[in-house]
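Each reported figure results from applying straightforward, stated rules to the coordinates on display, with no laboratory input. Predicted model, so just to flag it, every value in this text is computed and none were measured. Backbone-built Cβ (ideal geometry, glycine too); neighbour counts: all protein chains shown.
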Amino acid sequence: MSLIDLEKAREAFAQATDGTVGIEEEFAILDPQTLDLIPHFEQLDAQAVASDAALANSISSELILSEIEIRSGAGSDLGDALARQSEMRARLFSLAASQKVELGSTGTHPWADYREQPNVQSDHYRRVVDGLQYVARRNNTFSLHVHVGIRDADRAVRVCDRLRALLPTLLALSANSVFFEGQDSGLASVRTQSFTKSFPRCGVPDAYGSWDSYREYLELLLATGSIEEDTQVWWSVRPHLAFGTVEVRICDAQSTADESNALTEMIVACVLQCARDDDDGRPIFEPAGRLIEENLWRAIRWGAAGELIDLERGVCLPARAAFDQLLEWTVPVRAELGIEPRFPALNGAERQAVAFAEGQSIADVYASTVAHTRQSFGGDQPTSPTEVSTS
């Protein structure tokens, strides 16, 4: 039976407000001594229900019991969402300390065996595992999702279309998963290779042009028994049918709050600039999916340290030059909203790779990252690398 009400979905976008923001961050639940994944979600959730109703309303399960998600809820704007998320992060990390567990925030756990991770036994996740089998069971990954309110379903679909070519740049900027299954993967975002390139209906979507076209796609999936829920469409950018938002899902989880905040700011600016360009009737650049995939691979492999293809000019440029292009393009929206994202000189993947090349073990690199995460997200003094303005 379908769990999707497409008429209600259109109404959600009709009632949406441009620029509302929601943030979702996924954390690994860890043994404080070994930093192994441990299936303690239910313990943390039960304690939150017993002692902190606001936190209990903000945390959610994910596919495995050794993962926990924290959600800002619908902020009235970017500042409100960041403030909400900051408060909930501090409460979550305080709860974790009281329950004697650690929380990690990289795109993958460096050495966990997926076969040892029990899945959440909700109806939703049972459907996911039953439907995808090995593909779902092997997915032990962690990411950052950002929702931005966009009024009108047609407009939301067109914003998603405009964002397609930008996804590899956002991924390169966020790359934060070098180690996987006990090895140096040689990739900047092995999370993307494991999840995005493995799940069906995932990665860079087609351009749909209108709500009717996107609806026809969903109706085909429903009629053929391919999906039961709209959340089984895992595209890296998608119209979220329940919230009336454009949801950007391409980014690895970030190891510090400052980096997560900066990425959120950058994503919000990109989404709202796309909406502005659509309103102004500016031509949309729609490269073929196969060309965007070339850049997606480059972002997976080299992240911020590599090069991306300028698809309009047909030349390569450093990934950080592509970031600069996004900053220049979003100046109108960022100036209005006061958005000035700041990123460290090296992103998470680069820091991990440098530490490993200097002789630190995978376990030592991860332990340092977990310590930074606790100090940053938990509200202590930040210990992230010196930041540089990118505006």
| Cut-off 10 Å between beta-carbons: net charge of the residues surrounding ILE59, Lys and Arg +1, Asp and Glu -1 | -1
| message | Take SER122 and GLN360, extend 7 Å from each Cα along the Cα→Cβ direction, and tell me the distance between the two endpoints in nm. | response | 3.4
| request: Using Cα extents along the principal axes in Å as the read-out, say which of [x] 55, 48, 37; [y] 58, 57, 47; [z] 67, 47, 47 was calculated from these coordinates. | output: [x]
| said: For region 194-252, take N as its residue count and report Rg(C-alpha) divided by 2.2 N^0.38 Å. | reply: 1.10
| field | Listed peptides 11-17, 21-27 by packing density, highest first (mean Cβ within 10 Å) | value | 21-27, 11-17
| request: Kindly identify region 175-300 as rounded, prolate or oblate by the Cα gyration tensor criterion: order the square roots of the eigenvalues as a ≥ b ≥ c, call it rounded if a/c is under 1.5, otherwise compare a/b with b/c, prolate if a/b is larger, else oblate. | output: oblate
| request: Please give the peptides 231-240, 276-285, 120-129, 147-156 ranked by average Cβ packing (other Cβ atoms within 10 Å per residue), highest first, as a rough proxy for protection. | output: 147-156, 231-240, 120-129, 276-285
| request: Answer rounded, prolate or oblate for region 73-181, using the Cα gyration tensor with square roots of eigenvalues a ≥ b ≥ c: rounded when a/c is under 1.5, else prolate when a/b is larger than b/c, else oblate. | output: oblate
| field | Mean Cα-pair separation over length for the chain, i.e. relative contact order, pairs under 8 Å, 6 or more apart, % | value | 22
| field | Proximal charge balance of LYS197 [Cβ under 15 Å; K/R count +1, D/E count -1] | value | +4
| request: Report Rg(Cα)/(2.2 N^0.38 Å) for region 234-361, keeping two decimals. | output: 1.16
| field | Dipole in debye (nearest 20) - region 262-367, about Cα centre, beta carbon charges: Lys, Arg +1; Asp, Glu -1 | value | 260
